[in-house]
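The structure under discussion appears below in the form of structure tokens.
The values are calculated or read from the model by the stated rules, or taken from the named source; none is laboratory data. Since the structure is predicted, the reported quantities are computational estimates derived from the model, not experimental observations. Positions of Cβ are backbone-derived with ideal geometry, glycine not excepted, and every protein chain shown enters the neighbour counts. With ligands, DNA and RNA removed, areas are computed over all heavy atoms of the protein, side chains included. Shrake-Rupley method; radii C 1.70, N 1.55, O 1.52, S 1.80 Å.
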Amino acid sequence: MIHLCWKQRKIRMKHLVLVTIVLLHVGYSLSQCPSTVPTCTCETVTGQSKRNIRCVGLTQIPVFNSSAEIFQKLDMKSPNNNIEVIQANAFNAIKFEEIDMSGPNIKLHSIHPNAFADLEQHLTIVKLQGDNVLYPPFEQLKNITNLQELVLQFFNMSTIEESTKFNYFPYLRILRLRKMNTYFVSSESFKNQLQELTVLEFANNQVPTFPKSAINRLRQLQHLSWVHNRMTNISSNSFDSLSSLTELDLRDNDIRYMYNGSFIGITEKLQVLSLRLNRLTKESIVPLGNHNWHELKQLNLGDMMADFTDIPNGLFGNMPKLASLFMAGNKLRVIKSNDFHGLGNMHALDLSENWIHTIEKGALSPMTRLETLDLRRQYDSSVTNPLNFSLDALKGAEHALKTLHIQGNHLIDQYAWEAIGAMKNLVNLDISGTRLSDIPSLLFYNHEMLKSLTMRNNSVTVLRQESLYGLKYSLEVIDISNNQIYTIDKCVFEGFNKLNFFFASQNSFACDCNLYGLHQFFKAIPSSGLVILTCRNPTNLAGKSLLYLETGQFCSNPPSSTSCPDFTPTTTTNSTIGTTSVVLLPDIRFGILSETKNTIVISWTVGGEMAYLKNFIVQCKQLGINNTQEKSFLLEKSKRDHPITGLNPGSRYEICFFIELTGPSNQILISCQTGTTQGSFTDVATTAVNPGSDDKTPKIVGGILGGGVSFIVLVVVLLFVFVICRKKNFDKSLQSANGHITLSECQKTTVNNDPHPTKGATGRGRGRDLKQHTVELPPEHMPEGRFRDRVMPTALEPKYEKRKMSQADHYTSAVETRPIPQTPNRDSMSHSSRDGFPNHGFSSSLIDEMYIEILDNREVEISNEFEYATVSHIT
């Protein structure tokens, strides 16, 4: 019994071994690529269960080895393929579900009747390109009865008749006919044919009269694209039997007229409509607004080749679900307050490349869900006629906006910065080429979502910590190329652990110890990031990247590490109302103006709101000695510079600048700077700091005294004088402050050798560039009456160009003349057109619902100094 069981077990083991060998053999054969030429490879595609065969560099279809594997796709559309013939039984050794031979250099002039033999079971998608002479291969494909998608282009089919052999493909769902030399479509076409067709694309032919009788037989159509066929009008009842239609693409025709009944039958379900690149005017587009569009979500009215200068009243009133509106490339000049009435579901609005100079107050207010706004390149925007982009125009939509493109316009600093400051949920901001100057302090204090900030080609000279404060945990990409920045303090990007892309070419950077902290920060950016910052000075480093320099090449004596200040809004409480409001601080830029043997002259500029400013407070102490004495003194708010005298030669001093606000204990540190007096330190001049040139501080000259008694007497005298002077200065400070005690110690005690850049400062005889620091609170907390009640003019007069600017004005830079608008791209075969829709001519995969951000795929700006890498992570 035991022997029998053992014998049965051996037999089973033999069978198992045989099965394993067979499976290993089959698996090995399936893993091989059946190609006999090295230019055909098998590839695994993510998310796809079957492999693809991809071929390049072919002049003819190669022989394949026999394979039992079923491939997803035979991809031969590479521009390096120049195939002209498909021979008999060309693919009988392999099995695949899709063949793509639609590459730009494929010109099929011969297809054998048995070219697709043995593919009947699996082939469902065919894409072929002819030579403009060959008739479409309907006969060659007639046995592929399971065909579901057929794409034919550059074949010769002059007419489409009832006899055209579409009946070979009873299950066809997608048909694309491009550049077929067709000039006539019979009204009897498609009779009892193509009953399962859901997508029809008929593009780049010459059929100016829409064949509504033929097309209306295709009652299952959901997507109809009738593109670049010289269609001149949309007659009544053109689509009345297409009740399932959800997308209609009529772009790039010559449509000049439409009628009140043009869209009867499709207004219930249509979701996407494109009329781009036609010849509609303000008057001829009115019938579009007379229909009730129950489901319309995306509408393209861009690049009209006519004088589309104004939006008709009520055009969008019957489109309650409209989410994406594209009106770029027209001649719109004014956006009126009621133009977008009823568009409460709007997500993306593209008004780029118009002639807009005025956006009336409340024009965007109906669009409370607007996430993307594109206003770039208004051709009428200039120094004398700036785009009046302001918070008034955005009111109601400012909190929803996530992406703003406004580059290439002339903006007014005062109004533009206020509007940007109010858009707290921004994710992407592009203000390149707007001539905006330095970012107001703490503008981005509450912008916790901002990932991408692009401000190329502007007038920025200063980038301080306050400029980007608030973006530490969100900013991933910043582009400050082609500005006027010469240095960036380490504290600007302190703790920006998400920043991976930093573009700063074409500035005036001096690569010295002031960039040491930034250099160290760059070294910490992950290797996948990209940093571009080139030196302009000194001469031996000009054109070199800071990232790849060793520390010793640009800084022989690196500064000690410094702590970065933390900015907290100053608040005041309204006791009667019980609310807390933020006080707007002035814009202060403080620095050292000049240094002599016994004097350091400090200077500062003041801009913005001064209603809450009371006095300035200065603290000074000598560095590098033990038991240093710190001196504090007040200055009147009318002063803009002050000499600190009675200093020791050849000594370093830390000078901290505070502002004192109205109200108890409101003192805020602006900046601490380090100055060095000229000459060399000697033991014959031990001098206390003199708060001002007019004060008479006693000076004691010490000599060489002998004996212990003399030494003790000297110490006692010095101590007595010091106590007297200390008390005297302290009493003066108390009197000037009207009861307010000055700060007892400087909040920044370490040496800071990194100067802040500056645009300039009042004062005389500047010995070197002024170091700066600025504190300002977010503009949304401005006191009533500063900007809130100001009405934006509809068109600024030319007087802004030459008049003398007041202190609050910032918009002094001229702007380059805007280019004359070019004729829109009429390459009808291009799929890079500016539609703003999920598919362009339905050439991409079908998407039921998608809100597409309107991105700039028209023109990629490339710096003269580097090739720009496209960053696709922004959504």
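List the number of the failed condition for Phe503; all other conditions in (1) in contact with a strand residue (DSSP E or B) (Cβ under 6 Å, 6 or more places away or on another chain); (2) modelled with pLDDT of 90 or more; (3) open to solvent by 30 Å² or more (accessible area, probe 1.4 Å) hold.
Here Phe503 clears every test but (3).
Determine which single condition Asp641 fails, assuming it passes every other condition in (1) at pLDDT 85 or above; (2) crowded, with 19+ Cβ neighbours inside 10 Å.
Condition (2) is where Asp641 drops out.
Of everything in the range 313-335, what is over 27 Å from the mean Cα position of the chain (by Cα) and more than 21 Å from Asn253 (Cβ to Cβ)? Give them in sequence order.
Asn313, Gly314, Phe316, Gly317, Asn318, Met319, Pro320
Any residue at all in the range 455-462 that's open to solvent by less than 10 Å² (accessible area, probe 1.4 Å), within 26 Å of Gly302 (Cβ to Cβ) and not small (Gly, Ala, Ser)?
No, there is no match, as no residue in the range 455-462 is open to solvent by less than 10 Å² (accessible area, probe 1.4 Å), within 26 Å of Gly302 (Cβ to Cβ) and not small (Gly, Ala, Ser).
Taking Asn446 and the conditions (1) open to solvent by less than 10 Å² (accessible area, probe 1.4 Å); (2) within 23 Å of Val492 (Cβ to Cβ); (3) modelled with pLDDT under 95, which numbered condition does it fall short on, given that it satisfies the others?
So Asn446 meets the others, but not (1).
Filter the range 95-117 down to the residues that are polar (S, T, N, Q) and assigned to a loop (DSSP other than H, G, I, E, B), then identify the one that is nearest to Lys50 (Cα to Cα).
Ser102
Step by step: first the residues of the range 226-241, then only those that are touching an Asp or Glu at 6+ places or on another chain (Cβ under 8 Å) and surrounded by fewer than 17 Cβ atoms within 10 Å (Cβ to Cβ), then the one that is farthest from Leu197 (Cα to Cα). Which residue is that?
Thr232
Does Asn338 satisfy being in a loop (DSSP other than H, G, I, E, B) and touching a Pro at 6+ places or on another chain (Cβ under 8 Å)?
Taking the combined requirement at face value, the residue does not satisfy it.
Tell me, which residue of the range 379-393 that is of a type outside the set (Asp, Glu) and over 15 Å from Gln414 (Cα atoms) is least open to solvent (accessible area, probe 1.4 Å)?
Ser381
Here are some residues: Ser459, Ser365. Which one is of a type in the set (Ser, Thr, Tyr) and more than 26 Å from Leu533 (Cα to Cα)?
Ser365
Identify, from the list Leu141, Leu128, the residue that is among the aliphatic types (A, V, I, L, M), part of a strand (DSSP E or B) and touching a residue at least 12 places away in the same chain (Cβ under 8 Å).
From the options Leu141, Leu128, the qualifying one is Leu128.
Residues in the range 242-283 that are farther than 30 Å from Gln195 by Cβ and open to solvent by 20 Å² or more (accessible area, probe 1.4 Å): how many?
8
Please enumerate the residues belonging to the range 647-685 that are modelled with pLDDT of 80 or more, open to solvent by less than 60 Å² (accessible area, probe 1.4 Å), part of a loop (DSSP other than H, G, I, E, B) and touching a strand residue (DSSP E or B) at 6+ places or on another chain (Cβ under 9 Å).
Leu647, Asn648, Gly650, Ser651, Thr677
List the residue pairs whose Cβ atoms are under 8 Å apart, where the first residue sits in the range 151-170 and is under 15 Å from Asn192 (Cβ atoms), the second is part of a loop (DSSP other than H, G, I, E, B) and basic (Lys, Arg), and the two are 6 or more positions apart or on different chains.
Glu162/Lys191; Lys165/Lys142; Tyr168/Lys142
Here is a check on your reading of the model: is Ser390 among the polar types (S, T, N, Q) and touching a helix residue (DSSP H, G or I) at 6+ places or on another chain (Cβ under 8 Å)?
Spelling it out, Ser390 is indeed among the polar types (S, T, N, Q) and touching a helix residue (DSSP H, G or I) at 6+ places or on another chain (Cβ under 8 Å).
Listed here are the residues, each with its yes/no results for (1) in a strand (DSSP E or B); (2) touching a Phe, Trp or Tyr at 6+ places or on another chain (Cβ under 8 Å).
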residue	(1), (2)
His294	no, no
Asp307	no, no
Asp310	no, no
Gly314	no, no
Lys331	no, yes
Gly342	no, yes
Trp355	no, yes
Leu373	yes, no
Arg377	no, no
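Give me the pairs: first residue in the range 618-640 and under 15 Å from Thr599 (Cα atoms), second residue of a type in the set (Lys, Arg) and not in a loop (DSSP other than H, G, I, E, B), beta-carbon distance under 6 Å, and six or more apart or on different chains, which are they?
Every condition considered, the pairs that remain are Cys620/Lys631.
Report yes if some residue within the range 613-636 is modelled with pLDDT under 80, in a loop (DSSP other than H, G, I, E, B) and closer than 17 Å to Leu669 by Cα; otherwise report no.
No, the range 613-636 contains no residue that is modelled with pLDDT under 80, in a loop (DSSP other than H, G, I, E, B) and closer than 17 Å to Leu669 by Cα.
Kindly evaluate Glu476 against the criterion of being touching a strand residue (DSSP E or B) at 6+ places or on another chain (Cβ under 8 Å), open to solvent by 10 Å² or more (accessible area, probe 1.4 Å) and not basic (Lys, Arg).
yes
Taking the range 156-173 as the search range and keeping residues that are touching a strand residue (DSSP E or B) at 6+ places or on another chain (Cβ under 9 Å) and β-branched (Val, Ile, Thr), which one is surrounded by the most Cβ atoms within 10 Å (Cβ to Cβ)?
Ile160
Thr368 fails exactly one of the following numbered conditions: (1) assigned to a loop (DSSP other than H, G, I, E, B); (2) open to solvent by 10 Å² or more (accessible area, probe 1.4 Å); (3) within 25 Å of Arg435 (Cα to Cα). What is the number of that condition?
(3)
Is there a residue being under 42 Å from the mean Cα position of the chain (by Cα), at pLDDT 95 or above, among the charged types (D, E, K, R) and within 28 Å of Gln206 (Cβ to Cβ) anywhere in the range 107-116?
yes
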